[in-house]
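The values are calculated or read from the model by the stated rules, or taken from the named source; none is laboratory data. Since this is a predicted model, take the numbers as computed values, not measurements. Please note: Cβ atoms are built from the backbone with ideal geometry, for glycine as well, and neighbour counts cover all protein chains shown.
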Amino acid sequence: MAYFAPKKKIKMRKMAIFAALALTACGTGNKKPMETPKDQLVHRLFSYAEAGHIAYGHQDDLFYGHAWKVEDFENDPLERSDVKDVTGKYPMILGCDLGGIELSDSCNLDGIPFSLMRRAALKQIERGGIVTFSWHPRNPLTGGDAWDISSDQVVKSILAGGEKEHEFRLWQERAADFLESIGKDTPIIFRPWHENLGSWFWWGKDLCTAQEYQELWRRTWLYFTKDRGLTNILWCYSPNGPIPPEVYMSRYPGDEFVDILGTDIYAYLDGASVREADVRFSEQVKEMLRSLSAISLEHEKLFCLSETGFEGIPGPAWWTGVLEPAIREFSISYVLTWRNAWDRPGHFYAAWKGFEYEADMKAFSEKENILFLD
Ligand code: BMA
């Protein structure tokens, strides 16, 4: 059975969304809708889904790759990319992470100067690509990192009346300043408070109540959108998968605050053989995307596989034999594989020049339904 949403349904969903956007933009349904930057990206991503295309994204693609990194932050032309080295094309989506911006650090948690990130984001957009930002902020209550789950009072502490409310407002201000510096007319995807249905980040499931989580999301949305006027942002909600649909929705912030339904699902060995891990991954992705397909139709939203990959890509045909077959029947707008760390030889999720199975990623990039940046 194919779960690819029929074109007619996608078209209807698209029309409904544009009718709603038109009303929001003009306050009346009579005037011709003015397409805002955000509408343009929504439209573009819907067009992919409608055409049966899936854009490919890679985290940190232009900053570094397997065993190399940009050294001259101010002048490097940002032409190198592991993905381009292998496929001849840049990824359509560039993933970046804001972790560290909250304390005005000059570099993010993975050592990327924010000045370089800004230049790379603008370069990606100039090339015709899209940029998405995740955020692994430090723990505002304990001073630890995003993975510090020693207290279940953190989210509470930054909400209205909490002891860290004002400090956290400043953190948000700094993140908003950075996104604003990309340009208010440039549509971007923002994916905060991700993997929230696991309990490894301080905003995770066992660390706050559903209500607290939703309040955190909505307050973030309100600050960026209303106080700062960053209406160019598409908000991606991306819990870890696989999880049942009712669990996925249990902390959903609400239709008004979300534009893209995402999910993060990784392949992992954990004692299994590569073959077994591939089968498990494929089943998990299909099951989760089947749920998201239904939810996205009901809520008239875009959806995507916001993070994925198999660390070290241990099999010869992961791209064409596992990933592409797992996603091809779904009208997701994009799929993003995680980063190729320059300083950790085994921590990579895209192929690199010289990697033994690089040909398979090239074959993936040549598939008609997968979009790279030519
Ligand atoms: C994780 C790893 C870490 C990294 C973090 C944020 O999955 O790649 O090394 O610091 O993402 O990018």
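Figure legend. Inter-residue proximity from the range 337-348: first residues within 13 Å of Lys69 (Cα to Cα) and within 7 Å of the ligand (Cβ to nearest atom), second residues of a type in the set (A, V, I, L, M) and at pLDDT 95 or above, beta-carbon distance below 9 Å, spacing 6+ or different chains. Indicated pairs: Arg339/Ala350. When Thr263 is tested against (1) within 17 Å of the chain's Cα centre (by Cα); (2) in a loop (DSSP other than H, G, I, E, B), exactly one condition is not met: (2).
Considering only the range 267-315, state which residues are assigned to a loop (DSSP other than H, G, I, E, B) and not basic (Lys, Arg). Working first, answer last.
Step one: of the range 267-315, the residues assigned to a loop (DSSP other than H, G, I, E, B) are 268-273, 300-301, 311-315.
Answer for the range 267-315, where residues must be assigned to a loop (DSSP other than H, G, I, E, B) and not basic (Lys, Arg): Tyr268, Leu269, Asp270, Gly271, Ala272, Ser273, Glu300, Glu311, Gly312, Ile313, Pro314, Gly315.
Among the conditions (1) part of a strand (DSSP E or B); (2) more than 14 Å from the ligand (Cβ to nearest atom), Cys96 misses just one, which is (2).
In the condition set (1) touching a Phe, Trp or Tyr at 6+ places or on another chain (Cβ under 6 Å); (2) more than 16 Å from the ligand (Cβ to nearest atom), Ala146 is compliant with all but (2).
Among the residues of the range 276-289, is any modelled with pLDDT of 95 or more and closer than 14 Å to His194 by Cα?
No, the range 276-289 contains no residue that is modelled with pLDDT of 95 or more and closer than 14 Å to His194 by Cα.
Glu195 meets each of the listed conditions (1) touching a residue at least 40 places away in the same chain (Cβ under 8 Å); (2) touching a helix residue (DSSP H, G or I) at 6+ places or on another chain (Cβ under 8 Å); (3) closer than 26 Å to Glu180 by Cα apart from (2).
In the range 71-85 there is at least one residue matching the filter, namely being buried (at least 22 other Cβ atoms within 10 Å of the Cβ), away from the ligand (no atom under 16 Å from the Cβ) and touching a residue at least 12 places away in the same chain (Cβ under 8 Å). Of the numbered criteria (1) surrounded by 22 or more Cβ atoms within 10 Å (Cβ to Cβ); (2) closer than 25 Å to Glu366 by Cβ; (3) away from the ligand (no atom under 15 Å from the Cβ), the one Gly88 fails is (1).
Can you tell me which of Arg119, Arg138, Arg169 is part of a loop (DSSP other than H, G, I, E, B) and not aliphatic (A, V, I, L, M)? Quick ask: steps written out before the conclusion?
Numbers: Arg119 fails: part of a loop (DSSP other than H, G, I, E, B); Arg169 fails: part of a loop (DSSP other than H, G, I, E, B).
Result of the check over Arg119, Arg138, Arg169: Arg138.
Residue pairs whose Cβ atoms lie under 6 Å apart, separated by 6 or more positions or on different chains, with the first residue in the range 110-123 and over 15 Å from Gly183 (Cα atoms) and the second of a type in the set (Gly, Ala, Ser) and surrounded by fewer than 23 Cβ atoms within 10 Å (Cβ to Cβ), are Pro113/Ser106. Every condition in (1) outside any loop (DSSP other than H, G, I, E, B); (2) buried (at least 16 other Cβ atoms within 10 Å of the Cβ); (3) of a type in the set (Val, Ile, Thr) holds for Val247 except the one numbered (2).
Would you confirm, using the coordinates I've provided, whether Phe114 is within 23 Å of Gly312 (Cβ to Cβ) and within 16 Å of the ligand (Cβ to nearest atom)? Considered against the rule, which asks whether it is within 23 Å of Gly312 (Cβ to Cβ) and within 16 Å of the ligand (Cβ to nearest atom), Phe114 comes out as no.
Contact map, the range 41-56: first residue over 13 Å from Tyr334 (Cβ atoms), second residue crowded, with 19+ Cβ neighbours inside 10 Å, Cβ cut-off under 6 Å, separation 6 or more or different chains; pairs are Glu50/Ile10. Pairs meeting the criteria (first residue in the range 125-141 and more than 12 Å from Thr186 (Cα to Cα) and more than 15 Å from the ligand (Cβ to nearest atom), second residue small (Gly, Ala, Ser) and not in a loop (DSSP other than H, G, I, E, B), beta carbons under 8 Å, at least 6 apart or on different chains) are Pro140/Ser157; Leu141/Ser157.
Among the residues of the range 141-158, are any in contact with a helix residue (DSSP H, G or I) (Cβ under 7 Å, 6 or more places away or on another chain), closer than 20 Å to Asp39 by Cα and not aromatic (Phe, Trp, Tyr)? No, the range 141-158 has no match at all.
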